[in-house]
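Presented below is the structure to which this report refers.
The values are calculated or read from the model by the stated rules, or taken from the named source; none is laboratory data. Bear in mind that the values here come from a model prediction, so they are computed numbers and not experimental data. When we count neighbours, we look across all protein chains shown, and the Cβ atoms used for this are built from the backbone with ideal geometry, even at glycine. Quick note on the areas: whole protein, heavy atoms, side chains included, nothing else; ligands and nucleic acids left out. Shrake-Rupley method; radii C 1.70, N 1.55, O 1.52, S 1.80 Å.
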Amino acid sequence: MDIIELLKAIILGMVEGLTEFAPVSSTGHMIIVDDMWLKTQEFLGKYPANTFKVVIQLGSILAVLVVFKDRFIDLLGLNRKNKIVPVGAKHLRLTHIIVGLLPAGILGVLFEDTIDNYLFTTETVLIGLVIGAILMIIADRYSANHPNTQTVDQITYKQALTVGLIQCLSLWPGFSRSGATISGGVLVGLSHRAAADFTFIMAVPIMAGASGISLLKNLEYFSMDALPVFIVGFISAFVFALISIRFFLRLIDKIKLLPFAIYRIILAAVIYFVFL
């Protein structure tokens, strides 16, 4: 592996880390950047290149675990301090996460091959970017006139299920998992920060599951020669995701979703008119 290939791994890891949890579609950005500029398939091969994208997503997942480590410890009942929650007090439970995961998890398993074979193109990503942006604008306008559930601990099972159903839209590449779920959360009455917290926490099991299955399916294409590229991409995605998550959570209640929606529409227009 030469320095140019390692640099490409760093760049794609950066793209993944910066966009995975922002509502702009990491998958869409990786497809656009890789297909048009980096072309990892040329030096890794088609299937190892797909495996590489899975590996760097695991770097982003690790970043969420670091940022929300205390929350995950509580969800799994591993809090050594044995914190006692008062009877009747509201708090996020593991069952809320499961309810939110079921719809997209079921559809993802049923239609995985169809999605992989027909929807991973620049053209379909552009469609997802625009339609997702429209949903985000609608969510922002709705939130201005409706009271919000301020913290993720106040989420109900009905809200969790509705967010999970809306998350199914993110199976279309370019739509964005975080864009769909944050918009869905806002539409069912969550504040932007509460919706973002629920989105990030819920992303870990669904991303880990999808990445794990994909990694096992493509394990035969894992090459020791490509190991430096995989390691560099993983570390790059982890570092940039860590920065991105903390920055995003501090700003989301202030800037909301509109700036991201505008960016998505501009990006889709530029890609369409310049490259297509």
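Here is how the numbers come out for the structure above:
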| item | result |
| --- | --- |
| Checking Trp172 against (1) crowded, with 21+ Cβ neighbours inside 10 Å; (2) modelled with pLDDT under 95, the condition it does not meet | (1) |
| Condition met for Leu44 (open to solvent by less than 60 Å² (accessible area, probe 1.4 Å), more than 23 Å from Phe248 (Cβ to Cβ) and out of contact with any strand residue (DSSP E or B) (no Cβ under 6 Å at 6 or more places or on another chain)) | yes |
| Subset of the stretch 244-264 [touching a residue at least 60 places away in the same chain (Cβ under 8 Å), under 17 Å from Ser25 (Cα atoms) and surrounded by fewer than 16 Cβ atoms within 10 Å (Cβ to Cβ)] | Leu258, Ile262, Tyr263 |
| Scope the stretch 47-84; condition open to solvent by less than 90 Å² (accessible area, probe 1.4 Å) and outside any helix (DSSP H, G or I); matching residues | Phe68, Gly77, Asn79 |
| Test result for Leu267, open to solvent by 20 Å² or more (accessible area, probe 1.4 Å), touching a His at 6+ places or on another chain (Cβ under 9 Å) and either assigned to a helix (DSSP H, G or I) or among the aliphatic types (A, V, I, L, M) (or both) | yes |
| Residues that are open to solvent by less than 10 Å² (accessible area, probe 1.4 Å) and either assigned to a loop (DSSP other than H, G, I, E, B) or of a type in the set (Lys, Arg) (or both), drawn from the stretch 190-208 | Ser191 |
| Close pairs from the stretch 49-72: first closer than 13 Å to Phe21 by Cα, partner of a type in the set (Asp, Glu), Cβ under 8 Å, at least 6 apart | Gln57/Glu16; Gln57/Glu20; Gly59/Glu16; Ser60/Glu16; Ser60/Glu20 |
| Criterion (touching a Leu at 6+ places or on another chain (Cβ under 7 Å), part of a helix (DSSP H, G or I) and of a type outside the set (S, T, N, Q)) met by exactly one of Phe238, Phe260 | Phe238 |
| Leu215 vs. criteria at pLDDT 95 or above and part of a helix (DSSP H, G or I) | no |
| Of residues in the stretch 221-243 being without any contact (Cβ under 8 Å) to a residue 40 or more places away in the chain and open to solvent by 70 Å² or more (accessible area, probe 1.4 Å), the one farthest from Val66 (Cα to Cα) | Met224 |
| Long-range neighbours under 6 Å by Cβ, at least six apart or interchain, first residue modelled with pLDDT of 90 or more within the stretch 111-138, second part of a helix (DSSP H, G or I) and open to solvent by 90 Å² or more (accessible area, probe 1.4 Å) | Leu126/Tyr272 |
